[in-house]
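First up is the structure itself, then whatever we jot down about it.
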Amino acid sequence: MSKHPSKGKKPRFDEKETAVSRLPPPPPSGLPVMPRPFEVNDVRDDGGTFVNVEATPDERAALAQAYDLQEVATLTARFNLVRRGKTIDVKGRVKARITQVCVVTVEPFESHVDEEVDLTYASEAQVAEAWERIAKAEASGTNAPVEDPPDVIAEGRIDLGLLTAETLSLSLDPYPKKPGVAFEAPEEPAADPEESPFALLARLKKDGGPGVA
């Protein structure tokens, strides 16, 4: 079966919303844990392509394990795909309710994720050209700002599930703390202001300190 619809048979969408509800089988090791590939040929020209993504319980459990979280209670996303010539703009929001462990109190606490997404996708050739421009700019030593390269459209698809999972990952604090809790470094013992350098040396000799003959 062809991956893309044949000419003259391109599917049309009467609804303004397209829900990615097909649940593929668990992916082999090394592949994204929640794939939601979306065909770029299905992106409408009028900008009315909206896609909803929701992680299944198994996917949330896998993500919790991968990101060292106690729980991913909910994970949803809503994207708007807009065609810009040969590129596709993807804008939207990723929301999640997660449980982390505080690095200070070692107690679990719940937090909410609400991240904005604004990315551009392009063909492999366009992405390669963008990286070449960046390399030339860096080699020339110019201080002019350089745009980030677009993400790759792989085999005519954009994986919105992978985008959702990566957005969640990038939003996580590597050292999560409960609201209102601050890390306090242990106090170092204060030196005795009355102890002279000679007294300190004598004490080190008595204690057999390192480097003392």
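What follows is calculated from the coordinates using simple rules that are stated; it is not laboratory data. Note that this is a predicted model, so its numbers are computed, not measured. Positions of Cβ are generated from backbone atoms using ideal geometry, with glycine treated the same way; all protein chains shown enter the neighbour counts.
Points to keep in mind about this one:
- Residues whose amide H comes within less than 5 Å of that of SER123, counting only those at least five positions distant or on another chain, are ILE153 (H built at 1.01 Å from N in the peptide plane).
- The alpha carbons of segment 56-151 stretch over 51, 32, 19 Å along the principal axes, in descending order.
- Loop-resident chymotrypsin sites (Phe, Trp or Tyr not before Pro) (DSSP state other than H, G, I, E or B) in segment 106-146 with no more than 16 further Cβ atoms inside 10 Å of their Cβ are absent.
- Note on SER169/ALA128: beta-carbon distance plugged into 1/(1 + (r/R0)^6) with R0 of 30 Å gives a FRET efficiency of 0.70.
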